[in-house]
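What follows is a set of notes on a single structure, which appears directly below.
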Amino acid sequence: MARATIGPAGADTPSAGHHHQNKENGDRALGLAGVALGEVLARAGDPAEYERWAEQTRTAGYCARPVRLAGGVDQVETTTGEVHQTYTTEREPDGVLLKACGTRRAARCQPCAEVYRRDAFQLVAAGLRGGKGMPASVAEHPCLFVTFTAPSFGAVHSHREQGGRVRACHPRSPGAPCPHGRAAGCRRRHSADDPEVGAPLCVDCFDYQAAVLWNATVPELWRRTTIYLRRALGRLAGLSRAELDRQVRLSYIKVAEYQRRGLVHYHAIVRLDGRSPGQAGAVVPPPPGFTVELLAAAVRATAARVTAPLPAGGPVQAAPWGGQLDIRVIDAAELSAEQVAGYVAKYATKATESFGTALAWPIRGTAQLEALDVPAHVARLVRTCWQLGGRADLAELKLRRFAHMLGYRGHWSTKSRRYSTTMRDLRAARRAWITVRRHGPGAQLDRDGRPLPPEGTVTIGSWEYAGSGYTTLGDAWLASSLAAQTREQRRIAREELAGDA
Ligand SMILES: [Zn+2]
Ligand SMILES: [Zn+2]
Ligand SMILES: [Zn+2]
């Protein structure tokens, strides 16, 4: 990635934390071996019913864990009260409708996560280059891509690269061992995918409690950061709070990334907008003087000073950012909107995915804690969350409920209102496109892109949750096969298009 660093150089770049991809997370094709062939044959037995079932899985985007709904939709005439049934699942295969789970997390459902990733790309890109209701002029606003890091909670094995060469892990400190008798340095040259990367040099020196408390507090630290950033900007520009607010607006979006050491990083796009008198919501360029350098200085001053408090009585009292801060200017020549959008969207589908699929769901009990299929260091972070989560003075941090997130209970992403379009609007646009294709260009749509009922009627849906996921392994296998087939067809179509060009 091209870099235009104007922050402290040599900071841990965002690419450091995600080399370890868990290949099993990907489109793991279910093998037919072990799946009851009888289930597949039963589903495929009635061609008409199979056709309808396959159409449902397609409409649900080949979701791996679709929600099964039973019920239907009625139209009621408002003047007469007459009821017309317009849809019922009674005639559907198994009497249910399959609806996509819609998760963003790749460990839960790959096809839905892919849809989410594409929407996230559109959302982020629109805030950088315009489109989707954003003016193209946003591309000219001062805009930074900033990586906020966690402090150190103890030395960890690291992959270090300099000028294309892999460097020693911790070549310094050759002297005395740590109080636990372990070597204080490490001269090995770890490859990026070395499973030991991220693990502490000494597990007894590493402060597990402080680490998970920091993860638990980083959403509050971010909230404060956005507030301090405005203050810092005002101070640097020599303006009062009120005057600053009259002239400019800070727009941002941030995403969380888990580092190999189990701590959360935030990658943020911070954009400076002007305000247009009389047009409260308009996104316009800021007045002269509000430069990208000024914005960067405000970010540096903020990151160095802001802290978030932790519950009194706990082992740590405040959470600051780590000393490493990476600031890059987003502009077409150095770091393009597409690069940043692609980068951010990738994190949209990931949380603890880099540690395997074992942490896709909340931990339900202590038995599970002992058999976690994740690196030992990560398992210890999870157990630390569980232990601290049992303490009354730390109850507000909900550490048990978020043990599978290593204590982090924030959203993968937060954005300010004017940064860009919304996921809701992107989904509505997609739905509207489908609705219009089905019902013709004259179709009346609601805000979410769904067809409005005819004049003089209201639509009443009554749905019952019948369960999640496919009821048989045979169905799950068929759905994943259909998904794979469709991906392949799309790939061939793309290649043919490219060949024609
Ligand atoms: Zn899904
Ligand atoms: Zn090492
Ligand atoms: Zn030690």
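The values are calculated or read from the model by the stated rules, or taken from the named source; none is laboratory data. These numbers were taken from a predicted model, which means no experiment stands behind them. Cβ placement follows ideal geometry from the backbone for every residue including glycine, while neighbour counts extend to all protein chains displayed. The accessibility values were calculated without ligands, DNA or RNA, using every heavy atom of the protein model including side chains. Shrake-Rupley method; radii C 1.70, N 1.55, O 1.52, S 1.80 Å.
Among the residues of the stretch 137-152, none qualifies, meaning not one is open to solvent by less than 80 Å² (accessible area, probe 1.4 Å), among the hydroxyl-bearing types (S, T, Y) and within 16 Å of ligand 2 (Cβ to nearest atom). Of all residues in the stretch 154-174, how many are open to solvent by 30 Å² or more (accessible area, probe 1.4 Å) and within 14 Å of ligand 3 (Cβ to nearest atom)? Counting residues in the stretch 154-174 that are open to solvent by 30 Å² or more (accessible area, probe 1.4 Å) and within 14 Å of ligand 3 (Cβ to nearest atom) gives 2.
When residues in the stretch 464-497 are screened for being of a type in the set (F, W, Y) and in contact with a Lys or Arg (Cβ under 9 Å, 6 or more places away or on another chain), 2 of them pass. For the stretch 69-121, the set of residues classified as of a type in the set (G, A, S), surrounded by fewer than 20 Cβ atoms within 10 Å (Cβ to Cβ) and either under 30 Å from I269 (Cα atoms) or near ligand 1 (Cβ under 10 Å from one of its atoms) (or both) consists of A100, G102, listed by residue number. Quick one: count up the residues across the stretch 153-172 that are among the β-branched types (V, I, T), more than 23 Å from V212 (Cα to Cα) and near ligand 2 (Cβ under 9 Å from one of its atoms). Qualifying residue count for the region: 0.
Within the stretch 471-486, the set of residues being closer than 13 Å to A42 by Cβ, of a type outside the set (V, I, T) and open to solvent by 30 Å² or more (accessible area, probe 1.4 Å) comprises L473, W477. Residues satisfying the criterion are present in the stretch 135-153 (criterion: at pLDDT 90 or above, closer than 30 Å to A318 by Cβ, out of contact with any helix residue (DSSP H, G or I) (no Cβ under 6 Å at 6 or more places or on another chain) and within 16 Å of ligand 3 (Cβ to nearest atom)).
Against the list (1) away from ligand 3 (no atom under 16 Å from the Cβ); (2) open to solvent by less than 10 Å² (accessible area, probe 1.4 Å), the condition A211 fails is (1). Name the residue that is nearest to the chain's Cα centre (by Cα), counting only residues in the stretch 450-465 that are without any contact (Cβ under 8 Å) to a residue 40 or more places away in the chain and under 24 Å from A70 (Cβ atoms). The extreme case among them is R450. The residue pairs whose first member lies in the stretch 359-371 and is over 16 Å from Q387 (Cβ atoms), whose second member is in a loop (DSSP other than H, G, I, E, B) and at pLDDT below 90, and whose beta carbons are closer than 6 Å, counting only pairs six or more residues apart or on different chains, are A360/A107; A360/R108. Evaluate the stretch 75-86: report whether one residue or more is on the phi < 0 side of the Ramachandran plot, in contact with a helix residue (DSSP H, G or I) (Cβ under 9 Å, 6 or more places away or on another chain), at pLDDT 90 or above and not in a strand (DSSP E or B). Checking the stretch 75-86: not a single residue is on the phi < 0 side of the Ramachandran plot, in contact with a helix residue (DSSP H, G or I) (Cβ under 9 Å, 6 or more places away or on another chain), at pLDDT 90 or above and not in a strand (DSSP E or B).
Could you look through the stretch 70-100, keep only residues that are aliphatic (A, V, I, L, M) and under 27 Å from the mean Cα position of the chain (by Cα), and pick out the one that is farthest from ligand 2 (Cβ to nearest atom)? The extreme case among them is L98.
When the stretch 388-408 is filtered for residues that are surrounded by fewer than 18 Cβ atoms within 10 Å (Cβ to Cβ) and either on the phi > 0 side of the Ramachandran plot or assigned to a helix (DSSP H, G or I) (or both), the ones remaining, listed by number, are A392, D393, A395, E396, K398. G467 meets each of the listed conditions (1) under 30 Å from R261 (Cβ atoms); (2) at pLDDT 90 or above apart from (1). Select from the stretch 305-349 the residues that are open to solvent by 50 Å² or more (accessible area, probe 1.4 Å) and either under 20 Å from C143 (Cα atoms) or of a type in the set (K, R) (or both) and list them in ascending order. If the condition is that a residue be open to solvent by 50 Å² or more (accessible area, probe 1.4 Å) and either under 20 Å from C143 (Cα atoms) or of a type in the set (K, R) (or both), then R305, Q324, D331, A332, A333, E334, E338, Q339, K346 are the ones that fit. The combined condition, being aliphatic (A, V, I, L, M) and surrounded by fewer than 17 Cβ atoms within 10 Å (Cβ to Cβ), is fulfilled by A367.
From the list G185, G198, G262, G181, the lone residue that is without any contact (Cβ under 8 Å) to a residue 12 or more places away in the chain and either away from ligand 1 (no atom under 16 Å from the Cβ) or surrounded by 17 or more Cβ atoms within 10 Å (Cβ to Cβ) (or both) is G181.
Out of (1) assigned to a loop (DSSP other than H, G, I, E, B); (2) at pLDDT below 90; (3) open to solvent by less than 60 Å² (accessible area, probe 1.4 Å), what's the single condition that is false for P454? Only one criterion is unmet by P454, namely (3).
Summed over the stretch 173-199, residues that are within 10 Å of ligand 2 (Cβ to nearest atom) and more than 30 Å from V299 (Cβ to Cβ) total 10. For P362, the criteria (1) assigned to a helix (DSSP H, G or I); (2) touching a helix residue (DSSP H, G or I) at 6+ places or on another chain (Cβ under 9 Å); (3) of a type outside the set (A, V, I, L, M, F, W, C) hold in every case but one, which is (1). Scoring T357 on the criteria (1) assigned to a helix (DSSP H, G or I); (2) open to solvent by 20 Å² or more (accessible area, probe 1.4 Å); (3) polar (S, T, N, Q) leaves a single failure, condition (1).
Go through the residues of the stretch 494-501 one by one and say whether even a single one is within 30 Å of L128 (Cα to Cα), part of a helix (DSSP H, G or I), open to solvent by 90 Å² or more (accessible area, probe 1.4 Å) and not basic (K, R). Yes: one or more hits.
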